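The block underneath contains the structure these notes are about, expressed in structure tokens.
The values are calculated or read from the model by the stated rules, or taken from the named source; none is laboratory data. As the structure is a prediction and not an experimental result, all values here were calculated from the model. Methodologically, a virtual Cβ is constructed for each residue, glycine included, from the backbone with ideal geometry; neighbour enumeration extends over all protein chains shown. Ligands, DNA and RNA are stripped out before the accessible areas are found, and what is left, the full protein with its side chains, is counted by its heavy atoms. Shrake-Rupley method; radii C 1.70, N 1.55, O 1.52, S 1.80 Å.
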Amino acid sequence: GWQVSMKSGSLSYILPCNRLPVQLMSQVRVYTSNGQKKDLGSEDTNGSARGETLNKVETGQDTTNAGQKQSSPKQPIQVKVKAVLKKREYGPKYTQNNFITGVRAINEFCLKSSDLDQLRKIKRRSPHDDTETFTVYLRSDVEAKSLEVWGSPEALARERKRRKEAEIKYRENLFRNQRLLWEYKEFFGNTKPRSSTAAMFFKGPGKVVMVAICINGLNFFFKLLAWVYTGSASMFSEAIHSLADTCNQALLALGISQSARTPDPSHPYGFTNMRYIASLISGVGIFMMGAGLSWYHGIIGLLHPHPVESLLWAYCILAGSLVSEGATLLVAINEIRRSARAKGLSFYQYVVQSRDPSTNVVLLEDAAAVLSVAVAATCMGLTSLTGNPYYDSVGSLGVGTLLGTVSAFLIYTNTEALLGRSIEPEQLQRLTELLESDPVVRAIHDVKATDMGMSKVRFKAEVDFDGRVVTRSYLEKQDIEQLLQEIQQVKTLEELEAFMLKHGENIVDTLGAEVDRLEKDLKQRNPDVRHVDLEIL
């Protein structure tokens, strides 16, 4: 039966009387980095006490059951020793092992380049594609050198404040000098060669926009004269349409010039989206200025009709406008066909996806202009045949509806582009397969590929790397025999810690090199991918 009760710690065990209770004790030794060890004495003391209790229980049990059964042999006590490296406390802020570049050391700690010559120089893997390695310094060394140069943290803070004020004053003077230089160029003329921004308007979308500006400006002038002469509501709508097209295309030209600006610290990804912003504003302008005024004038004509004068000059101007708008439309169509062929897309896909917003606006505006000329000419012809001015007002409403439809399409497509839509599933699948086919990658998760505009893609993924492959890649670059000798020479805890820290840091650097290699491969095989963010899972 259950007769013997043994209490160990906070637990109570009841054992059968014909069995020998055996206590397994665990001893833990904590090792620090200086080789000292600490025994958890409380546990060992309790273990000894429990051992004495066990001996007493065994003696009593053997005496009671001497005539019944021979006592079982004693089991050896098993002791498990666990060596643990003492955890190092770094605190909430630890910057002793941080690396900083020479430029940052000079700017933030007010040092000279000669001051850095006396510090330890460390070669690290460069984060930039154009260089493999670059020189950095330990932050602790730089901080100590700055205190040596300036004497105290207070003196260093005063010097930083003085330099900040000098920088603000320098910027103010620079802005003033730039204005004087601009005025000088305006007075004497600019003799410098044409910039790359100006060259953008002689090819591609810039050329299409400039041609459209010139033609629509002339069309607006002649249509306005025809409206003043005839008083036709349809001709007024056509004049407003040409004026809206001219203003919107001038806005597109501004967007093209701004999109060519180089990235700066405030806009690290550049100004490519300025084309979409200009196209979006252009679509709103077409709706407000073109469609709104056309509807207003058509409604006024229906409510207060008045006879239309001779329309001969109006027909001549509409015919000339049809030819000029058709020529601009052909220029835009040819440019879109060439760009769509280069991207491997159809004409319809290129327009709907708004790959080139500037050319799309010119295409849709000129297509609407050709159709609106046909509508205006038809309604004015009906008015001439019947003498009923209502047809002319209906023509103005038709032109306004056409402009409203074009503006709605432009607003939708450019809004989608500015929101950051995903790339095509086929292209995303190709990028995913390229990563998964690499031996260093186990799996990828949370993949996001965003079209940043103008066929520039930003790719982001969580990557589960194979640690064994990364370690093997590191070992393949090492002298294995020398590494084996280093392992055999490890005798103490300090030597083991130094060995692991050295090669652990090198393996982490190898992992970073693998990430750089994957990013480079993605960019080389997919030219549209400009920014790659691979996060280690």
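With only Lys, Arg, Asp and Glu charged, each at its Cβ (+1 for the first two, -1 for the last two), find how big the charge dipole of segment 220-375 is about the Cα centre; round to the nearest 20 debye.
Around 500 debye, computed over segment 220-375.
According to the Kirkwood expression over distinct Cα-Cα pairs, how big is the hydrodynamic radius of segment 393-455, in Å?
15.2
Please list 3J(HN,Hα) in residue order for segment 283-291, calculated via the Karplus relation 6.51 cos²θ - 1.76 cosθ + 1.60 where θ = phi - 60°; whole Hz, with x for glycine and proline.
With coefficients 6.51, -1.76 and 1.60, one gets x, 5, x, 4, 5, 6, 7, x, 5 Hz.
At 1.4 Å probe size, with no ligands or nucleic acids counted, give the accessible surface of HIS297 in Å², nearest ten.
Approximately 40 Å² for this residue.
Given a 1.4 Å probe and every protein chain left where it sits, what share in percent of the accessible area of segment 295-390 is carbon and sulfur?
Within segment 295-390, the accessible surface is 70 percent carbon and sulfur.
Ordering LYS121, LYS477 by accessible area with a probe of 1.4 Å, largest first, what comes out?
I get LYS477, LYS121, largest accessible area first.
Might you tell me the accessible area per residue for segment 425-536, computed with a 1.4 Å probe and given in Å²?
Heavy-atom SASA per residue in segment 425-536 reads 61 Å².
With the full set of protein chains in place, find how many percent of the accessible area of segment 99-187 is carbon and sulfur; take the probe as 1.4 Å.
The value for segment 99-187 is 53 percent carbon and sulfur by accessible area.
Provide the net charge surrounding LEU224, with neighbours chosen by a C-beta distance below 14 Å and charges set as Lys +1, Arg +1, Asp -1, Glu -1.
Within the 14 Å Cβ shell, the charges total -1.
With the dipole of segment 477-530 worked out from charges on the C-beta (+1 for Lys and Arg, -1 for Asp and Glu) around the Cα centre, which of ALA498, LEU483, GLN524 lies farthest toward the positive end?
Of ALA498, LEU483, GLN524, it is GLN524.
At 4 °C and a viscosity of 1.567 mPa s, what translational diffusion coefficient does Stokes-Einstein give for segment 199-419, taking Rh as the Kirkwood radius over Cα pairs? Give it in µm²/s as a whole number.
73
Starting from the residue with the highest accessible area, list ARG158, ARG517 in decreasing order, probe 1.4 Å.
The most accessible residue leads, giving ARG158, ARG517.
Quick check on my link table: of LYS87/LYS491; LYS477/LYS502; LYS121/LYS502; LYS207/LYS460, which ones sit more than 26 Å apart, alpha carbon to alpha carbon?
LYS207/LYS460
If we count every other residue with Cβ under 15 angstrom of ASP245's Cβ, Lys/Arg +1 and Asp/Glu -1, where does the sum land?
Spelling it out: positives minus negatives among the neighbours equals -3.
Tell me, what % of the accessible area of segment 425-536 is carbon and sulfur with a 1.4 angstrom probe?
52
Please report, to one decimal in angstroms, the Kirkwood hydrodynamic radius of segment 458-537 built from all distinct Cα-Cα pairs.
14.7
Enter the accessible area per residue of segment 99-187 (Å², integer; probe 1.4 Å; all protein chains in place).
Normalised by residue count, the accessible surface of segment 99-187 is 78 Å².
Given the C-alpha atoms of segment 401-493, compute the convex hull and give its volume per residue in Å³.
Normalising the Cα hull of segment 401-493 by residue number yields 141 Å³.
Ordering ARG468, ARG421, ARG176 by how much accessible area each has at a 1.4 Å probe, largest first, what is the list?
Ranked list, largest accessible area first: ARG468, ARG176, ARG421.
How much accessible surface area, in Å² rounded to 10, belongs to the heavy atoms of GLU476 with a 1.4 Å probe?
Roughly 140 Å² of GLU476 is accessible to a 1.4 Å probe.
Taking amide hydrogens as modeled 1.01 Å from N in the peptide plane, which residues meet the under 5 Å criterion relative to ARG355, leaving out close sequence neighbours?
Under 5 Å from the amide H of ARG355: no residue qualifies.
With a 1.4 Å probe and every protein chain left in place, work out the accessible area per residue of segment 266-418 in Å², rounded to a whole number.
Normalised by residue count, the accessible surface of segment 266-418 is 46 Å².
I'd like the accessible area for PHE220: 1.4 Å probe, protein heavy atoms, all chains in place, Å² to the nearest 10.
So the heavy atoms of PHE220 present about 50 Å² to solvent.
Could you sort the peptides 393-399, 139-145, 278-284 by per-residue average Cβ neighbour count (10 Å cutoff), highest mean leading?
Averaged packing, sorted descending, gives the order 393-399, 278-284, 139-145.
For the peptides 486-493, 335-342, what is the packing order when you average, over each peptide's residues, the other Cβ atoms within 10 Å and list the highest mean first?
Final packing ranking: 335-342, 486-493.
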